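Working notes for the structure below.
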Amino acid sequence: MKQLYKTYCLFILFLLVFSTKTQAQKNYYHNLSWGRLVLTDTINKKLRWELYLQHRRQNVEKGSLDVFDADQFTSYWLWFHYNIAPNTKLSVSPLGYFKSWILVNDPKDIDKPEVSEWRFSARIDQEHKGRYFTLINRYGLEYRNRDLLNNGDFQPNWRVRYMLRFEKTLKPSWLPKPITLVANDEIFIQFGKAVRGNPNIFDQNRVYVGFNYPITKNIKTSLGYIWGIQERPSGTEIDYSNIIWGVLTFDNLFSQFKKKKI
């Protein structure tokens, strides 16, 4: 309970910091769809690799519900996860490549070139199993290099991420397998050369609700909704996004085909 209380206080502090940074003069609203394909397998009992193949799309016309209209984001992201304790996992991404397009506020925005990015990432997940739900704290650090001006000059900066996540597994009689309900909030702050001229360190906040469900032993799916809030570099403009978020995971990608020794 003591750890839960500390986590709660930290989370409230983040919300207070965030609430002081979102009083913008201009607000923009977007509808998006995010998809991720995860390929993963074990290396040994404590070590696992994952490859994220991600693509995001967005509406173009103002107020349109066509969330597949235009590109918004594409990435290829390699991760290694190591269980350093029963309830603690260290994850490192030695390399990730990303392309992102501006959130469209005017149809002319789709003509703007994408921004390329190389990223190194690390994070720690701490899991606390309670009587009624599981609580997960995630602390992340990213080193980003982005070609913001599309001139081949990549500018670096750091980004810190903190997520508070709740999970509850249910076994309803009308489903053949247990389903896990998920709710989390993640806040991002940034600093460094590429964002030194920004008026503050707040980057964005994402609130998520959804569920995880195993289709088969080695295929899992996740589906949910994200309410995203992101500040533009001007400090006087905010993007609000309604996001449909889906993940399809292929687990034990190669090991499932290995013959078991008798």
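A few remarks follow.
- Angle between the chain longest axis and helix 2-19 axis [Cα atoms, degrees, rounded to 10]: 20
- Whole-number accessible area per residue in Å² for the chain, which is evaluated in the context of all protein chains at 1.4 Å: 59
- Given Lys217/Lys258; Lys46/Lys193; Lys129/Lys220; Lys89/Lys217, the pairs whose alpha carbons are separated by over 26 Å: Lys46/Lys193
- Values of log10 I(q)/I(0), in the order q = 0.13, 0.19 Å⁻¹, for the range 127-249 under a Debye, Cα-only, solvent-free model: -0.69, -1.11
- Charge dipole magnitude, Cβ of K and R +1, D and E -1 - the chain, Cα centre, debye nearest 20: 1600
- For the range 47-163, the mean projected area of the C-alpha convex hull, equal to one quarter of the hull surface, is 9.7 nm².
- Pairs of C-alpha atoms in the range 35-110 farther apart than 18 Å represent 54 percent of all such pairs.
- Largest to smallest principal axis extent of the C-alpha atoms in the chain, angstrom: 63, 43, 39
- Expressed as a whole percent, the accessible area of the chain that falls on carbon and sulfur atoms is 61 (1.4 Å probe).
The values are calculated or read from the model by the stated rules, or taken from the named source; none is laboratory data. Because the structure is a prediction, the values reported are computed rather than measured. Neighbour counts are summed over all protein chains in view; Cβ atoms, including those assigned to glycine, are modelled from backbone coordinates with ideal geometry. The area values use the complete protein model at the heavy-atom level, side chains included, leaving out ligands, DNA and RNA. Shrake-Rupley method; radii C 1.70, N 1.55, O 1.52, S 1.80 Å.
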